[in-house]
1. Within the range 65-73, identify whether any single residue is surrounded by 14 or more Cβ atoms within 10 Å (Cβ to Cβ), touching a strand residue (DSSP E or B) at 6+ places or on another chain (Cβ under 6 Å), in contact (Cβ under 8 Å) with a residue 60 or more places away in the chain and closer than 23 Å to residue 191 by Cα, and answer yes or no.
2. Do you know which of the residues in the range 103-125 that are at pLDDT 95 or above and not in a loop (DSSP other than H, G, I, E, B) is surrounded by the fewest Cβ atoms within 10 Å (Cβ to Cβ)?
3. Out of the residues in the range 190-202 that are surrounded by fewer than 16 Cβ atoms within 10 Å (Cβ to Cβ) and touching a strand residue (DSSP E or B) at 6+ places or on another chain (Cβ under 8 Å), which is nearest to residue 105 (Cα to Cα)?
4. Of all residues in the range 178-204, which are over 22 Å from residue 30 (Cα atoms) and free of Cβ contacts under 8 Å to residues at least 24 places away in the same chain?
5. Restricting attention to the range 27-46, report how many residues are in contact with a helix residue (DSSP H, G or I) (Cβ under 6 Å, 6 or more places away or on another chain) and either under 21 Å from residue 183 (Cβ atoms) or in contact (Cβ under 8 Å) with a residue 60 or more places away in the chain (or both).
6. Could you list, in sequence order, the residues of the range 149-161 that are more than 23 Å from residue 81 (Cβ to Cβ) and in a loop (DSSP other than H, G, I, E, B)?
7. Those residues that are under 18 Å from residue 59 (Cα atoms) and part of a helix (DSSP H, G or I), I need them from the range 162-213; list them, please.
8. Filter the range 79-102 down to the residues that are surrounded by fewer than 20 Cβ atoms within 10 Å (Cβ to Cβ), under 30 Å from residue 147 (Cα atoms) and at pLDDT 95 or above and list them by number.
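The values are calculated or read from the model by the stated rules, or taken from the named source; none is laboratory data. This structure is a prediction, so every number in the text was calculated from the model and none was measured. In this analysis, Cβ positions are derived from the backbone assuming ideal geometry, glycine residues included, and neighbour counts consider all displayed protein chains.
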């Protein structure tokens with residue numbers, strides 16, 4: 001039986017699920033569990049490379065997956081629920097840490113402090129509310145990601161969904177993902193082609209803090 005956190009609702013994972021249980025065809029590459037991310041190390045709170053979401057968001061993403069599978073695509077997820085301590089890790093890295101080893105890969109045209117002022121990194125993230133997802137599409141024929149004209153977590157105008165300095169094919173790939181997400185209840189943002197949030201999110205005012213792990217769901 002799951003233990004309820006009556007004294008701290010931010011530690012209560014009882015309304016969350018493992019995404020793989022709801023969307024068995026999903027491909028997961030949880031970047032913040034790895035060292036290949038804009039910080040360059042595993043991020044605080046990521047104890048397992050698994051995707052967690054609220055039940056409502058997982059159901060909606062299942063509908064997206066079902067729609068796209070018949071077209072020959074699978075969802076590939078980079079990040080879903082993000083604990084508050086991970087966001088704090090990002091903020092402290094941006095303010096205090098002088099390490100810029102990943103700058104050439106993720107923010108070559110910007111200074112670290114600009115990542116916050118331009119909205120690429122938030123001091124409170126919608127991911128911590130449990131109904132946001134970062135993802136792309138995988139072509140089932142080739143086994144490769146669709147070419148979106150720019151990589152996940154690249155901070156710059158290239159990542160803006162409406163950026164037209166890419167090929168028509170790359171732009172249409174972005175729109176293919178966007179249309180499927182919007183049809184199934186998700187909303188985009190204006191600076192990241194990969195980020196979507198459930199419009200009718202169940203916890204709009206709660207920033208959860210339990211770690212990313214399957215164990216969190218069993219407590």
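1. The answer is no, given that none of the residues of the range 65-73 is surrounded by 14 or more Cβ atoms within 10 Å (Cβ to Cβ), touching a strand residue (DSSP E or B) at 6+ places or on another chain (Cβ under 6 Å), in contact (Cβ under 8 Å) with a residue 60 or more places away in the chain and closer than 23 Å to residue 191 by Cα.
2. This residue is 104.
3. Quick first cut of the range 190-202, residues surrounded by fewer than 16 Cβ atoms within 10 Å (Cβ to Cβ) only: 190, 199-200, 202.
Add one more test, that the residue is touching a strand residue (DSSP E or B) at 6+ places or on another chain (Cβ under 8 Å), and what stays is 199, 202.
Numbers: 199: 31, 202: 35 Å.
The residue in question is 199.
4. Hits for the range 178-204 are 179, 182, 199.
5. Adding up the residues that qualify gives 5.
6. Initially, the range 149-161 is screened for residues more than 23 Å from residue 81 (Cβ to Cβ), giving 149-150, 156-158, 160.
Answer for the range 149-161, where residues must be more than 23 Å from residue 81 (Cβ to Cβ) and in a loop (DSSP other than H, G, I, E, B): 149, 150, 156, 160.
7. So in the range 162-213, the residues under 18 Å from residue 59 (Cα atoms) come out as 177-188, 195-204.
Within the range 162-213, 177, 178, 179, 180, 181, 182, 183 qualify.
8. Correct list: 102 only.
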